[in-house]
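**Student:** The structure's right below; bear with me while I get my questions together.
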Amino acid sequence: MSNRLLDWKHLNTVLLDMDGTLLDLHFDSHFWLEHMPKTYSQKKGISVEQAKAELIPEMRKNQGKLEWYCLDFWSEKLDINIPELKEECAHLIAIRPDVVEFLEKLRKHKKRVIMVTNAHRKSLVLKMRKTKLDRHFDAIVSSHDYGVPKEQARFWERLNHWHKVEFDKSVLIDDSL
């Protein structure tokens, strides 16, 4: 489909990312770059700057791996209840403009709609509770369900195995390559 306009009549499935696509990134950016380092600094008795100096290289080391997205991994590594800490910032979770209208139009046109995200299930539960977006999807798939992030081909193989996606009749909308 790359050399032609998107033919919506040809599509039967729309795959949508969550963070940065359906939801704005303010919540996650604030949490990982401000709130969590502040809490870590208080726990360790160090400055926020020192906390960031420790945390950011550790985050970069895990970028692209399933651990990067895993709340259980970070909770254990930092000895902080990350899901509980996320609740403290949950008021920042916000749907991007026109998302609900777009999802409703997909339903009206009888498209199968699947959320595909690297977000941990505990993040998904929080975000769906706050936004109520889950009612718009036929399925919500976390990379944690398959033990591999979306950046790896095995994710898509497993998605196809469980959800029988006709990739030549599907489109993926994501905020990253």
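**Student:** Using every pair of alpha-carbon atoms in the chain, split the distances into 10 Å bins beginning at 0 and state the percent of pairs per bin, rounded to integers.
**Tutor:** Bin by bin from 0 Å, the calculated values are 9, 34, 33, 16, 6, 1.
**Student:** Would you please give the FRET efficiency between V48 and A94, computed as 1/(1 + (r/R0)^6) with r the Cβ-Cβ distance and R0 = 30 Å, to the nearest 0.05?
**Tutor:** Values: r = 24 Å, r/R0 = 0.82.
That pair, V48 with A94, gives E of 0.75.
**Student:** Okay, moving on. Would you work out which of S176, I140, Q152 lies farthest towards the positive end of the dipole of the stretch 126-177, given +1 charges on the beta-carbon of Lys and Arg and -1 on that of Asp and Glu, about the Cα centre?
**Tutor:** I140
**Student:** Now for a separate question. Within the stretch 94-157, how many Lys pairs sit with Cα atoms under 18 Å apart, leaving out pairs fewer than 8 places apart on the same chain?
**Tutor:** Numbers: K105/K132; K122/K130; K122/K132; K122/K150.
For the stretch 94-157, the number of qualifying lysine pairs is 4.
**Student:** Given labels modelled 7 Å from the Cα in the Cβ direction, how far is it in nm from E34 to I173?
**Tutor:** Distance between the two pseudo-spin positions: 2.8 nm.
**Student:** Further question on the same structure: Along the Cα→Cβ direction, 7 angstrom out, place labels at H109 and F73. What is the inter-label distance in nm?
**Tutor:** Spacing of the two 7 Å Cα→Cβ label points: 3.6 nm.
**Student:** Quote the accessible area belonging to E104 in square angstrom, nearest 10, computed with a 1.4 Å probe and with ligands, DNA and RNA left uncounted.
**Tutor:** Roll a 1.4 Å probe over it and E104 shows about 90 Å².
**Student:** Let me ask something additional. Using a 1.4 angstrom probe on the protein heavy atoms only, line up K110, K61 by accessible area, largest first.
**Tutor:** Working: K110 175, K61 120 Å².
These residues rank, largest area first, as K110, K61.
**Student:** While we're here: Excluding ligands and nucleic acids, what accessible area in Å² is computed for H144 using a 1.4 Å probe, to the nearest 10?
**Tutor:** 40 Å²
**Student:** Restricting the count to DSSP beta bridges whose residues both fall in the chain, what percent are antiparallel, rounded to a multiple of 5?
**Tutor:** On the way: 1 of 14 bridges.
Looking only at bridges with both residues in the chain, the antiparallel portion is about 5 percent.
**Student:** Further, regarding this structure: Where nothing but the Cβ of Lys and Arg (+1) and of Asp and Glu (-1) is charged, how large is the charge dipole of the chain around its Cα centre, in debye to the nearest 20?
**Tutor:** On the way: 30 positive and 28 negative charges, 122 e Å.
Value, rounded to 20: 580 debye.
The values are calculated or read from the model by the stated rules, or taken from the named source; none is laboratory data. If you're wondering where the values come from, they're calculated on a predicted model, not measured in any experiment. Please note: Cβ atoms are built from the backbone with ideal geometry, for glycine as well, and neighbour counts cover all protein chains shown. All accessible areas refer to the heavy atoms of the entire protein, side chains included, with ligands and DNA or RNA removed. Shrake-Rupley method; radii C 1.70, N 1.55, O 1.52, S 1.80 Å.
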